[in-house]
Amino acid sequence: MLPAEGRERLVDGPYVRLDWIDGAPSPAVAASYADAPLLVIPREGEAMVAGETVTPSQCALAPHLSDITFAPEGTCLIAQPCGGER
């Protein structure tokens, strides 16, 4: 069960990382996503990816975490492959 608010790493490898965040990601979460493409999936509120609005029930592929503007009161999932061996 997820807490009512906050941040939580939901999956951490070997193939994907997935984080639930309120507002913007913490510096530690941001660092783990490095400078690589990721998915943003708004749950509440909107996110902006390279100037395009992404609403709940949508997702967007962002080239980098820095291309995403998170709503301060929003909740999003962010996901990224993490290069595990198959």
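The values are calculated or read from the model by the stated rules, or taken from the named source; none is laboratory data. All values derive from a computational prediction rather than experimental measurement.
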Residue ID - farthest from Asp12 (Cα to Cα), chosen from residues in region 27-69 that are aliphatic (A, V, I, L, M) and assigned to a loop (DSSP other than H, G, I, E, B)
Ala50
So, in region 75-86, how many residues would count as being assigned to a loop (DSSP other than H, G, I, E, B) and closer than 16 Å to Val29 by Cα?
1
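Take the conditions within 10 Å of the chain's Cα centre (by Cα), modelled with pLDDT of 90 or more, assigned to a loop (DSSP other than H, G, I, E, B) and of a type outside the set (Phe, Trp, Tyr) and apply them to Pro72. Does it pass?
In short, no.
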